Every structure is written in C-alpha cells, then in structure tokens.
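What follows is one structure encoded as structure tokens, with my remarks underneath.
The numbers here are math on the coordinates, done by the rules we state, and not lab data. Please read all numbers here as calculations on a predicted model, not as lab measurements. Virtual Cβ from ideal backbone geometry, glycine too; neighbours counted across all protein chains shown.
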Amino acid sequence: MKILVGIKRVIDYNVRVQVNRDGSGVVKEGVKMSINPFDEIAVEEALRMKERGDANEVVVVSIGPEAAQQQLRTALAMGADRAVLYQSDEEVQPLAAARALLAVVEAEDPGLVLLGKQAIDDDSNQVGQMLAALWNRPQATFVSALEFTDGVAKATREVDAGLENIEVELPAVVTVDLRLNEPRFVKMPDIMKAKRKPLEIKPFAELGVEMPVQLETTLHEPPPKRQGGVKVDSVQALVEALKNKGVLS
Amino acid sequence: MSEQQGDIERDVMEYDYAIVGGGPAGLACAIRLKEKMPEAEICLLEKGSEIGAHILSGCVMEPGPLDELMPAWRDNPPAICVPAGRDEFRLYTRARSFRLPTPPQMHNAGNYIVALGELCKQLAEHAESLGVEVFPGFPGRHPLIEGEGADMRVVGVRCGDMGLEADGTPEGRPGPAFAAGVDIRAKTTLLAEGCRGSLSKQLIARFKLNRDATPQTYGLGFKELWQLPAGRTTPGLIQHSVGWPLDNSTYGGSFLYHLDEDRVYIGFVVGLDYEDPRFSPFEAFQQFKHHPDMRALLEGGEIISSGARTISEGGLQALPRMEMPGALLIGDAAGTLNVPKIKGVHQAFRSGMLAAEHLAASGTPEGYDAAFRASAAGRELHKVRNIRPGFHGGLWLGMANAALETVLAGRTPWTLATHADWDSLETRASARAHGEQAAMAANWHQERSLPPRDRLASVYFANTAHEESQPVHLRVADTSICATRCAEEFGNPCTRFCPVGVYEMVTGEDGGLQLQINASNCVHCKACDIKDPYLIIDWVPPEGGSGPNYQTL
Amino acid sequence: MSSVLLIADHDGKSLNTGIARSVACARQLGTVHVAVFHAPDADAPCAAAARLDGVSRVLSVSNPVNGTPLAAVLAPQIARLAAEHEGGYDYVLAPSTTFGKDVLPRVAALMGVPQVSDLMEVIDARTFKRPIYAGNVITTVKVPEGIPVLATVRIASFQAVGDGEDAPIVAAQAEVELPDHTRYLGLVDTGGSDRPDLQSAPVVVAGGRGVGSEENFQVIFKLADKLGAAVGASRAAVDAGYVPNEMQVGQTGKIIAPDLYFAIGISGAIQHMTGIKDAGCIVAINKDGDAPIFEVADYGLVGDLFTLLPELEKALDGA
C-alpha cells in the first residue's frame, strides 16, 4: 500500500507569534519554520506502518512556498521515500487545499492519506474532512491509535467524551492527534541520504484546481489582555463571589 | 572520557574538516575552506535548532571582512541591516545623562547595524551552495582524542545523543526515541563555538593551551529588540553609555541602536569581574531601561525578542594558543573580540577565513596561532590590549588609561594582566556599598513599568525550549556547597547572575535550602560556567535543537 | 430575516452543553432551526433543543443510521437539509466540539463553500472574529457574498442561553444516498481515574511551586475531588518533581479553557498564563500578594494555602 502524507510549513511551535505592525499578518521575519507538528506525527505513523509491513511506500506532499522544500527534506530524512511540493506563494485555504490533494490522490492512488488534524498556524481543522468528502471516502479524525487488517483500518479517535473506535474501509483519510506517536529524531546519515531522494517541485497551477471562494482576512490583532479582577479577603467571600458569578453551584 | 556510554553503537562519518558552531567564525571558515579546496569534505555542526537560533550580538558590524568573504551580501542584505549614522557616547547618572566625546574606537561611519542571526542564515545558505554539509540541531558533545602526551591529537567530535531521559544520573538513560550521537572524524576539527564553548573549554584544559595566557575574562550581554510607537527613532543612530546604574567599580555599559520601521535594539553589557555578590546584571539592565531618557523612548513599545550571551573580553593577553594537534580554535571560542570597539564579528570572520587559508596553504593547524597574531586581526587586538584591563581600577582610571592607550595606539611598553572572573566576588561579609547597585539586588520590580516584568517574562521573548524529560545539562558537581558555604559566603550569586533564573534556592521538604535548577529556561549564555565562585557548574550542551530560538537578534 | 441551521451535538440522551452556547451565537444571525439527527428511539435531545431560548424550530431527522455520530453518514444529510429549506439556509453552524469539527468541514466540501472555524464573535452578518495560532492572534474574516456561511462556533466565547418557550419539533427527512464504508464501534472504556480529563474539564484545580512537595500536592487533589475538577500544575511544580509532566498547564504543557480555574501557589509566569488565557474565571490563592497571577485573576485570595484550602473545602461542604 502506498501512503500519502500531507505536510505544511508553519511557524515553529516554540516561537511566540506576534501580529505585525499594520495588522496584515504576523511577524515572519527571522522566525523559525517547521513541519506542522501534527503532520510530523502523520509522517511518523506512515513510516511505522511501512516498517511493520502495512505499507510499502510513503510519499510526502506539501503545498506552499519554495522554502517548504526544507520541511519535505526533513520528512525524507525521517524516512519518507519521495516528496512533491506544489509551489504556491498565494494563500491556499482549506477547501482549495483539499481540492488540490484530491488531484494528487487521483494521480497517486494511495491506499491511505495521513494528515495532521490541524495546522497550528490557521487552526482550521478542515482539510482532511474536506478531502474525504470530495474523494467520497471515509474519514477518521483526531486519531490516537490506528490498526490495519484486510483493507480495513480501526481508528481510535480522541473525542470530547473520551475515546471512541471506528472502522473505515480503505482507502480513507486519517487525521492524527498528538498522542498517536512520538516522532523520531532525524539522524545525521539520514539527512545525507535524504539529499539524494526524489523531491519534485511543481507549480500549484499544474493541479488544475478550480479555485473556490476564499475567506477574506481583514485584520490580525493580539488577543485582548486579560484584566485583573478583585482580591477577596476570605474564603467565604470567594465562595460567595463565585456563586454570584454562576461558576459555582 | 568516563561519562560516555561505551557500549552504544554509533555511526561514524568522516570528513576532511569538521567545524563546530554555526556563527560568523565557523561559517566564514567553512566558506573559505570550500573556496580554497572545492574537493574537501566539510561538515558544520550547530547546536541550535537552526542556524542563527543561538546567535545574539550587538551588532554594529565592520563590513570589510564580510565584503571579502561574501561580496554579494550587500545586494541581498539580512532582514535587519541599517547603515550606521551618528555616534553618541554618554555618561549616565540616575536622573540625567551627559554627552562625552566619542572614543575613536567607537566611531562607526561605514558600519552596519545588523541582525547577526539573520546574516548567519544567509552565510549558511551560501556555504551549503558551495557544498558544505550544515547540520543544525547537532551539538558537538565530546572531543574525540587519540594518543597520549606529545602524540595526543584531536581526531573529531562526538555529537550529542538524542532522546536521553533523566534518571538521576548526570548522563541519563536512553528513552524510547533514543538516537545515539554520531562520531564525526575529521583530519582537522575547528572549534567555532563562540564564547566559553564547551568543547573548547575541555580542549584548552587538555592541551594546556592557556599556559602562556592570563585568565580569560568575560562580559555578560543582554539585548532586546523593541517595536516602538511611530516617530521616536532616528534610523542609524548609535548610542553607547557608561555610568548609572553601575557603580564606579563595575565595568559595563549600554548600547542603543536605532533601526528602521520604528524599531530599536537596546542592550547592556556587564563585565563578569564585578565584585558585589548582591549584584544582578539583569536587574541592572532593566533599571537602565527605566532611566528617564530610556523610559521616554520605550514606553508604549513592545518587546519583539530578547536574549543574553557572554562575550570574551580578555583580549590578546588572555588569548589561548589557538592551535593543537588536529584542531584549531577560531573566533570567540578563542577570544578574538575587540572590547574597546565592542565588536567581535569582523574579528570572528577574519579568524575563520585565516584558519581556512592557513589550512589550505599548509595542510596543518601548526603555525596558525602565530599567523593569527601577526595578522590584521591580531594586530588590532595588540593595539587595544591594555584598555579593558585598565578598568580594573574603576571607571575613571580606566577611561584615563584608555585615552592614553588610544593616543599611543597601544605602543605602551607594558601589557596589563587580566584576572579571572570567578574569584572577583567580595564575600557577603566584606562587600562594599557599591552605590545603587545594592538596591538593585532587592526586588524593585514594583516600581518597574516597562516589560519584561521579571526574568521569567524575559525568557518568554527568547523562545527557548528544552525537551523536559532530558537530563539537566547544567551539571553542579557538589550541590551541598550551595546551601552551606555559598549561601554563607556569597549568598548564592547564581540566583542573580543567571539572566533567565535557571538557578533558584528553594526550601526543601526538610526545611533546609536546596538548589533548584530550572534547566529548561537556559538560553546558553554560559555565565554560570564562568562566574560561579566555586567553579562547580559545568555547562554541557543539552539535546540538539534545544535552547533559545532568537528572532532577528 | 436570515435563516440559521444549527447542527445538534448529542449522545442520544442529552444535548451537548455547547448547543445552548451555540444558540447564543446563532440567534445573533437569524432565525434558528436546530437539526437533531438521531435514531428513531433516541429523540430526547429534540425536546431539550426545543426548550432553548432563541430556537424557533427543531428539525428531527430520524433514521436508524443516525444513531451514531459518523461524519461520512451525517454530512450528506446535512448538506441536503441545508440546501432544501426555502432556497437554502443562509447559515449552517455546528459547535466546535469534536463532533462539529469532524462533520462540518465535510458538509462545507460537499457544498463547495469555505468554512469559518471557531467563530468567536459576530461583527456583522458576514464578518466574524476567530482565533489562530492557538489563540495568540485574533483574525477578522469576511465570508464573501453569494454563498451560505458555514461556521463552527467556539463555545467558550458564548454564554449559554436559558430556557424559553418550547419551539415546535418538526420531523424532517434528508433523502440522500448514504455510504456504508464507515462503522462506529463505540466509546472505549478507559477504566482509569474518576477524575475528569484536564484538557476538557469545566473546572480545573492547579498547584504550583508554592504547594511545596509531592505529599503536599494531596491538598490539591482533595479540593479537586470535592469540586469534581481535573488537576493541573505549573511547570515549576513539575520541574520540582511534585507531579508528572502530563499535568503541566502552560506554554510547554497543555493549553486549556475551563470555565473555572483555581491557581494555587502558582506565581503566574507568562508561560503559565498562555495556557489558561481563555479560562472563564480564574481564582488565585497565593501567599505572595505581589505575584503576577493577581494581575490576571478574577478573584484573588492572599494567604497560606494550607490554611485556606481546608477552609474552602469546608465552605463548599456547606454550600
């Protein structure tokens, strides 16, 4: 089985994101960029599947600027077999990304598409579900455990009520959550090997995506600062205040 | 090398040249090596998560050496690059400031204020395009040494292991994701770790490279990048100061560089030979920011990023021998910075390029030390060698001596010795008043209006991160000293000199004081390795990719 | 007036509490119809939805396949329902629970329109605020004219509506071919502790360095049990070894948004605050009256936690 993994280049999760001066976006100058952490977990899961014999090829794909090659190289150094970058300097919102991935899926014919549950930049949490809809295939989102038997995947999902299991026939789209695995460290010799692995860069337009209507972002602003409240002088006063506020019954 | 896990199988990678450290010295050396010897196999290790992540410098750069190294840099300048404008040198008192004549070394016409981290990223790309293998996220952890006595030579470095878990032992144990560090074997290893490099420190001791040098001395520098309300800046304006809040006996001062887009770099450097055990360099910097002049500039602005790093201040007389069999020290790993100019970047470039040229010409590290001392970089250090040590007698004597040395261009017939920073502290019993510095030791944050609120808030702007399960990388040889002798004699100065609050004395469960190390705050400045009065703190590199992620500093 | 279709999240017995909050958002936009997809014998959530103030109709979509919350099965029905109503609903909303996040993008893709995730504030009929970068940036987004607005509602941003007059419950059908490639196997019995999950608990009690030791942390657990709350900790407490790392709240730990958060012996470093900036109400108990936590806490109590916590427990007993 071939696994297609989608990865996105995002501002590293250790970086404190700040709104730029005119509110048109966030400060990206000098900021460290990385693979979206959830996508990295998706890559790791694909590699483990290959190592277990559940898959025989791992293809990583990204949509983004030319520099997103760095993140694809990292995925190759982790162990992916080949990579494709659909280069776009414009913003590609979730529906357009899902349509683009559908075109990739039609060309690559994977048995499984693994994606992060969401990108930590726009926090949309949409692409996997949208791709599954357009592909008319099952989806398993927020997955924290995954098993395969005879063309069927059993997925454990992290839902508000706890954990739930679903079964999906393959091919399917699986979006992964934090607890699925812990991605491996990239090893130095593998970085060298990754330099020789195939990485294609194609223009986004090549996918022939019919561009959907996109949301228009008019302003970025920092969240409102939390205002301090009052100091109470006794436990009784505290309990009373909490009750009055309705947060304590 | 008792602390290495001998039974772990490691990959070995062979190179002609292994460079440890992706700062200006290491990158300049890599580029020049590849230019001189295109066939040479070269790798460059960097402990930060990416090139530039751990780079922090003033930085008003003399462009000459960079023009020589990468002439095209001016066509595609780094993210922050502002031509130097007017220079001002000021003396501060609590409420006022006075303009002083700018010392000749501090004239900056033709220089550039740059974000060195950004410049390093560009240099790394250039190096990679020439074929250098650049490995960010991989610290050099141990030197590989073969032979004994006169035959002893450096044969490479062992990279740090990944995925170690704390288990109470200094080295920890392999966790589930453990990946053993690779052994890099190289014909020549170049230590370009910057000030107080952890491998350099070991090799200087092992090969007794400082036998003929006076003790290296250091400064601790802080830097913040601010975004200010529109209209307050004069792009290119460069201000340096001495005086308040430091007392006469403490060496140091401020810098303030006006950038474009209503931004400024503001920073403070303190000589780590300060004497007052109650002194907190971080608090001094914050207090300086609250001087009426600075407060008026900064109020209403926001910090974009901040950090701290030590610099080598010992100059020529403290410069260790820069060569040993199989390896060279370059840049601030040796200590090539010019203190009176407060500039090290051009010197680092020069020493890196010179090392490459020397290796290309001679094929051996031997002779590099003499070549460096005879070079423009070495001559520059000779000229100013007596200025920084002249401040040992305080600010006024130092300034007078500096004037004399400057007029004579260093042709004075003597060379002043340096003194080690770790034994400069007065004991609590003997500590003098030190003017307002004593007040700074007390928490005065109540009257503080500018961010950051405290050191923990400051470290937030350094984007620092360490995998929390790893063993503590700040090794304290004997923590019993902390609660007993140190508490008694010096009042635990580590809790004050660390710029990010790594060291805390807390009340333990038995009611006694004990040392708490908040290793994950560490910004890799190395001040603790230098200033601890018992020399029991050993800074070792944590898991690769840990530490600050400096943004345009 | 615009029409809003709100998709109910429920477990066959009761309505998810996020629905009452989502109605608060939905009624700002137009007439609210709540669609409840359920199995024939599990229609109790319809009545619960009908009671909510601001709901003008409940669409009861009964079908044996709707007994389990599978996005692949529900999404085509929702898309059909959304399109059929008098030329189509102007808005299709779902709460940003894991259910809503799972199903609504699938609907959006079928309808060929973009989705606004985590809508936190209505500016006007087509302009909304939503958080990105884990809430560190708030964006204002505009949905272009000519298409229905699809959005998940960030429930922490809206106060639940109360009960109002019962709205009519109308049976509805969404005739559409449904896939059988996805099967629901059920919730996993995690056995484990009775304590709620830190990430989703409405009340969290967290301890910091001020708690002093691993043994002392029992006072935090005791208060949490009294409140039915989850337990968290600051990094300082984790670093000091009082509790394991998975309990860490903050920048390098979990980012949570409970309705009520007790910060006990926590100084309130900025790194900790980034983990609770969306908490509904923050209570701080600390002996250092100058601790930064008091600058952000809704209610602060200065004093010794070992005296105050037992008092608090007693006061709660009496409550």
Residue by residue through the range B:80-87, the couplings from Karplus 6.51 cos²θ - 1.76 cosθ + 1.60 with θ = phi - 60°, in Hz, x for Gly and Pro, are 10, 7, 10, x, 4, x, 6, 9
Lys and Arg at +1, Asp and Glu at -1: neighbours of B:ARG385 with Cβ under 14 Å from its Cβ sum to +3
Of B:373-379, A:45-51, B:326-332, ordering from highest average Cβ density within 10 Å down gives B:326-332, A:45-51, B:373-379
Percent of all Cα-Cα pairs per 10 Å bin for the range B:289-339, counting from 0 up to the last occupied bin, reads 20, 27, 20, 20, 11, 2
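What does the structure give for B:303-311 when I average, per residue, the other chain Cβ atoms found within 10 Å of the residue Cβ?
Mean shielding count: 1.
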Measuring from the longest principal axis of the C-alpha atoms of chain C, the long axis of helix C:305-318 (C-alpha) lies at a number of degrees, nearest 10, equal to 50
Of all C-alpha pairs within the range A:69-136, those more than 16 angstrom apart amount in percent to 55
For B:GLU146 and A:SER234, extending 7 Å from Cα along the Cα-Cβ vector and measuring point to point gives, in nm, a value of 8.0
Dividing the helical contributions, -39500 (n - 2.57) per DSSP H run of n ≥ 4, by the residues of the protein assembly as shown yields a 222 nm value, nearest 500 deg cm²/dmol, of -7000 deg cm²/dmol
1/(1 + (r/R0)^6) with r = Cβ-Cβ of C:ARG183 and B:ALA477, R0 = 35 Å, i.e. FRET efficiency to nearest 0.05, evaluates to 0.05
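Average the reciprocal distances over every distinct pair of alpha-carbons in the range C:1-149, invert the result, and give the Kirkwood radius in Å.
Over the range C:1-149, the inverse of the mean reciprocal pair distance is 15.4 Å.
Given a Förster distance of 56 angstrom, what is the FRET efficiency for C:ASP288 paired with B:GLU125, based on the Cβ-Cβ distance and rounded to 0.05?
0.70
Among the trypsin sites (Lys or Arg not before Pro) in the range B:51-149, which ones are in a DSSP loop with at most 15 other Cβ atoms within 10 Å of the Cβ? Mind listing them?
Here the trypsin sites (Lys or Arg not before Pro) that fit, given the DSSP loop and packing criteria, are B:ARG86, B:ARG94, B:ARG96.
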Residues C:ILE266, A:ILE201 in order from fewest to most other beta-carbon atoms within 10 Å are A:ILE201, C:ILE266
In nanometres, the difference between 0.36 nm per residue of separation and the alpha-carbon distance of B:GLU509 and B:ALA417 is 28.5 nm
For the protein assembly as shown, the Cα-Cα pair-distance distribution in 20 Å bins from 0, as whole percents, is 12, 39, 35, 13, 1, 0
Chain C, Kirkwood Rh and Cα Rg, ratio Rg/Rh at 1.03
For A:ALA55, the net charge from surrounding residues (Cβ-Cβ under 12 Å; K, R +1; D, E -1) works out to -1
Across C:PRO196, C:PRO105, C:PRO45, the residue with the highest GNM fluctuation in chain C (Cα network, 10 Å cutoff) is C:PRO196
Normalised Cα Rg of the range A:2-214, dividing by 2.2 N^0.38 Å with N its residue count, works out at 0.98
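Per residue, what volume in Å³ does the convex hull of the Cα atoms of the range C:105-145 enclose?
On the way: hull volume 3.1 nm³, N = 41.
Roughly 76 Å³ of hull volume per residue.
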The summed charge of the C:LYS13 Cβ neighbourhood (under 14 Å; Lys/Arg +1, Asp/Glu -1) stands at -4
Mean other chain Cβ within 10 Å across C:66-78 is 3
Trypsin sites (Lys or Arg not before Pro) in the range C:124-176 lying in a DSSP loop, each with at most 13 other Cβ atoms within 10 Å of its Cβ, come to none
Taking a label point 7 Å from the Cα of A:ALA161 along Cα-to-Cβ, the residues of the range C:15-41 whose backbone nitrogen sits under 15 Å from it are C:15-19, C:37-41
Note on chain B: C-alpha Rg/Rh, Kirkwood Rh, two decimals, gives 0.94
A convex hull over the alpha carbons of the range B:3-146 yields, per residue, a volume in Å³ of 190
With R₀ set to 22 angstrom, the calculated FRET efficiency between the beta-carbons of A:GLU106 and A:VAL213, to the nearest 0.05, is 0.45
Rounded to the nearest 10, the angle in degrees between the Cα long axis of helix C:218-227 and the longest principal axis of the Cα atoms of chain C comes to 30
Counting only DSSP loop positions in the range C:62-149, the GluC sites (Glu not before Pro) whose Cβ has at most 16 other Cβ atoms within 10 Å are C:GLU145
Averaged over the residues of B:226-232, the number of partner chain Cβ atoms within 10 Å of each residue's own Cβ comes to 1
